[in-house]
Amino acid sequence: MDFTLPPEVVALRDRTRRFVDEAVIPRERHLPPTEDHAAWDALRAELQAAAREAGVFLPHLGPAWGGLGLDWRGCAVVFEEAGRSVLGIQALNCAAPDEGNMHLIEKIGTPAQKERFLRPLAAGEARSCFGMTEPPPGAGADPSLLATTAERRGGRWVINGKKHFISGASGAAFCIVMARTDEVRGRHGATMFLVDAANPGFRVDRRQPIHDLSFVGGHGEVTLEGCEVGDDAVLGEVNRGFDYAQVRLRPARLTHCMRWLGAARRATEHATAHALARRAFGGRLADNGMVQAMLADCEIDLHGARLMVWHAAWLLDRGESASHETAVAKVAVAEAVNRVADRCIQVCGAQGISEDLPLANLYRETRAFRIYDGPSEVHRMSIARRLVRRAEGSEG
């Protein structure tokens, strides 16, 4: 495997770094209230206009959608730079859940659906959400518990159910809703629907108070009650929703890793700068063996995580499913960036937990990553099952 980056990717990486440092990070000091999604959308639009001017907007989609057309390896490099700020990924229009929804609609949407839903999403004119997770006893880490239903009535689909922790729900233009359409088929009886937020049967009941604050539109509780849609709302084929969820989730897990690597690297930069400037016990913190060990462990975690991301991205670019490798990367990177953020706070002491540095916020955001897109424990279970199946196959 050649780790040499193409010159155009290096140039875009450096341009993205400058853009985030000069145009994005200074805006972190003046953020709107978390519940004011209209103000957040206005800030997002302003930053996206600046990203277009800087030539870094929409790296993951092709020119037909106004993007830069990077492959997954290129995205790994640029997303890491954008991820140094939660505003950076909004500026480049590569934030979750929109980035994953764009990928999914581009892959399986009809031409009409792409124009109606993908075009404004790619342009930054709209936001979206993905409606899978449900209150107990519905779907969570176990998607087979999907309780939301969609029934055929008089040539229409009628969707009923509740969703919660739906990222970006407040102010989203539409939602990709997972609903059960065939009870007999079990795990294979779910369908994806494109549901306009203006549909009278769709409503966001409340924005759930939650630990992390990075999602524009927060995390919402959503009710679908007598929500009628036509056949043109079906995304892909009926009863193939769980198959399509993997089309979305495999790369989405990886792009989460790319973005949070940038956040962890920024945390390490702050911790290193503090260790160089702060003097205690007759010398710099940077010369203290225990502090050096923490900084070294941060670099080890970051380097290992980056290699996992690049390898999985390489497999996706080759057309392979990379389901095993993206699951491994999801667990390893989520836990590595969490360790890095924690160590960096410790190095910086009271400064680390203050709002004068971004470390407390980075820690708050990275902690949630061990749960989003599948908890580490669920991925470990899947990874182990694949290992067992392989061993059984080799023994047979």
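Stretched out fully, how many nm does the piece from ASP21 to MET381 gain, at 0.36 nm a residue minus the Cα gap? Working shown, then result.
Working: separation 360, 0.36 × 360 = 129.60 nm, distance 3.93 nm.
My answer for the length gained is 125.7 nm.
Per residue of region 80-97, in order, report the coupling 6.51 cos²θ - 1.76 cosθ + 1.60 (Karplus, θ = phi - 60°) as ³J(HN,Hα) in whole Hz, putting x for Gly and Pro.
Once rounded to whole Hz, the list reads 4, 5, 4, x, 4, 9, 5, 6, x, 6, 5, 4, 7, 6, 10, 8, 6, x.
Once amide H atoms are built 1.01 Å from N in the peptide plane, which residues 5 or more positions from SER167, or in another chain, come under 5 Å H to H?
Here PHE130, GLY220 satisfy the definition.
Going by alpha carbons, how many degrees (0 to 90, nearest 10) lie between the helix axis of 7-19 and the longest principal axis of the chain?
80
Rounded to the nearest 500 deg cm²/dmol, what is the calculated helix-only ellipticity per residue at 222 nm for the chain, with -39500 (n - 2.57) per DSSP H run of length n ≥ 4? Before the final figure, lay out the partial values.
Numbers: 12 runs with 190 residues, N = 396.
The per-residue figure over the chain is -16000 deg cm²/dmol.
For GLU335 and MET1, what is the calculated FRET efficiency with R₀ set at 22 Å and r taken between the beta-carbons, to the nearest 0.05?
Working: r = 24 Å, r/R0 = 1.11.
So, using R0 = 22 Å, E works out to roughly 0.35.
Normalised by the residues of the chain, what does the relative contact order come to in percent, with Cα pairs under 8 Å and at least six apart? Intermediate values should be presented prior to the final figure.
Details: 679 pairs, mean separation 56.0, N = 396.
Once normalised by length, the contact order is 14 percent.
Calculate how many DSSP beta bridges within the chain are antiparallel, expressed in % of all such bridges and rounded to the nearest 5.
On the way: 29 of 34 bridges.
Rounded to the nearest five, the antiparallel share is 85 percent.
At a probe size of 1.4 Å, how large is the accessible area of GLU183, to the nearest 10 Å²?
Roughly 130 Å² of GLU183 is accessible to a 1.4 Å probe.
Could you give the dipole magnitude of region 25-76 about its Cα centre, charging the beta-carbon of Lys and Arg +1 and that of Asp and Glu -1, in debye to the nearest 20? Intermediate results must be reported in sequence, preceding the final value.
Details: 5 positive and 7 negative charges, 42 e Å.
Dipole about the Cα centre, nearest 20: 200 debye.
Using +1 at the C-beta of Lys and Arg and -1 at the C-beta of Asp and Glu, which of GLY289, LEU249, GLY230 has the Cα lying farthest in the positive direction of the dipole of the chain?
GLY289
For labels at ASN288 and GLU355 in the simple 7 Å Cα→Cβ model, what's the distance in nm?
Taking the simple label geometry, ASN288 and GLU355 are separated by 2.7 nm.
FRET efficiency for ALA173 and ALA277, Cβ-Cβ distance as r, R0 = 45 Å, nearest 0.05?
Numbers: r = 46 Å, r/R0 = 1.02.
So, using R0 = 45 Å, E works out to roughly 0.45.
Among CYS298, ALA139, VAL56, flag the residue with its Cα farthest along the positive direction of the charge dipole of the chain, charges on Cβ as +1 for Lys/Arg and -1 for Asp/Glu.
Positive-end residue among those listed: CYS298.
Run through region 94-167 and list the GluC sites (Glu not before Pro) located in a DSSP loop whose Cβ has at most 14 other Cβ atoms within 10 Å.
Values: sites: GLU99, GLU106, GLU115, GLU125, GLU151; in loops: GLU125.
When the GluC sites (Glu not before Pro) of region 94-167 are filtered for loop state and at most 14 Cβ neighbours within 10 Å, GLU125 remain.
Would you check the accessible area of LYS114, probe 1.4 Å, heavy atoms only, in square angstrom rounded to 10?
Taking all protein chains as shown, LYS114 has close to 50 Å².
Heavy-atom accessible area per residue, the chain, 1.4 Å probe: how many Å²?
Details: 17320 Å² over 396 residues.
The answer is 44 Å² per residue.
How large is ³J(HN,Hα) for each residue in region 121-127, as worked out from phi by the Karplus curve 6.51 cos²θ - 1.76 cosθ + 1.60 (θ = phi - 60°), to whole Hz, x for Gly and Pro?
5, 5, 6, x, 7, 8, 10
Whenever you get a sec, compute what percent of the accessible area on region 1-142 sits on carbon and sulfur atoms (1.4 Å probe).
Numbers: 3320 of 5980 Å².
Taking all protein chains in place, region 1-142 shows 55 percent carbon and sulfur surface.
Relative contact order for region 75-167 using alpha-carbon pairs under 8 Å, separation at least 6, rounded to a whole percent? Please report the intermediate quantities before stating the final value.
Values: 86 pairs, mean separation 18.0, N = 93.
Reported relative contact order: 19 percent.
Roughly what angle does helix 98-108 make with the longest principal axis of the chain, taking Cα atoms, 0 to 90 degrees, to the nearest 10?
For helix 98-108, the angle is close to 40 degrees.
For a quick check of understanding: with a 1.4 angstrom probe and all protein chains in place, what accessible area in square angstrom does ASP196 have, to the nearest ten?
ASP196 exposes around 50 Å² with every protein chain in place.
Can you give me the C-alpha center-to-center distance between region 140-194 and region 208-262, rounded to a whole angstrom?
After rounding, the separation between the Cα centres reads 11 Å.
Considering the dipole of region 11-169 built from charges on the beta carbon (Lys and Arg +1, Asp and Glu -1) around the Cα centre, which of VAL24, ALA150, LEU118 is farthest to its positive end?
Going by the Cα projections, it comes out as ALA150.
Suppose every Lys and Arg Cβ carries +1 and every Asp and Glu Cβ carries -1, with no other charges. What dipole size does region 25-163 come out with about its Cα centre, to the nearest 20 debye?
Numbers: 16 positive and 17 negative charges, 97 e Å.
Its charge dipole is roughly 460 debye.
D for the chain, whole µm²/s, Stokes-Einstein with Kirkwood Rh over alpha-carbon pairs at 10 °C and 1.306 mPa s: what number? Present the calculation step by step, with values, prior to reporting the outcome.
Working: Rh = 21.9 Å.
For these conditions, the coefficient is 73 µm²/s.
Using each residue's phi in region 31-42, evaluate 6.51 cos²θ - 1.76 cosθ + 1.60 at θ = phi - 60° and report the 3J(HN,Hα) Karplus result to the nearest Hz, with x for Gly and Pro.
Taking θ as phi minus 60°, the curve returns 8, x, x, 4, 7, 8, 5, 5, 5, 5, 5, 5 Hz for region 31-42.
Quick check for me: using +1 on Lys/Arg Cβ and -1 on Asp/Glu Cβ, what's the dipole size of the chain about its Cα centre, in debye to the nearest 20?
Numbers: 49 positive and 51 negative charges, 78 e Å.
It works out to roughly 380 debye.
The values are calculated or read from the model by the stated rules, or taken from the named source; none is laboratory data. Keep in mind that what you see is a predicted model, and the values were worked out from it rather than measured. Note that we place each Cβ from the backbone using ideal geometry, even for glycine, and neighbour counts take in every protein chain shown. For the accessible areas, the whole protein counts, side chains as well, though only heavy atoms, and no ligand, DNA or RNA atoms are used. Shrake-Rupley method; radii C 1.70, N 1.55, O 1.52, S 1.80 Å.
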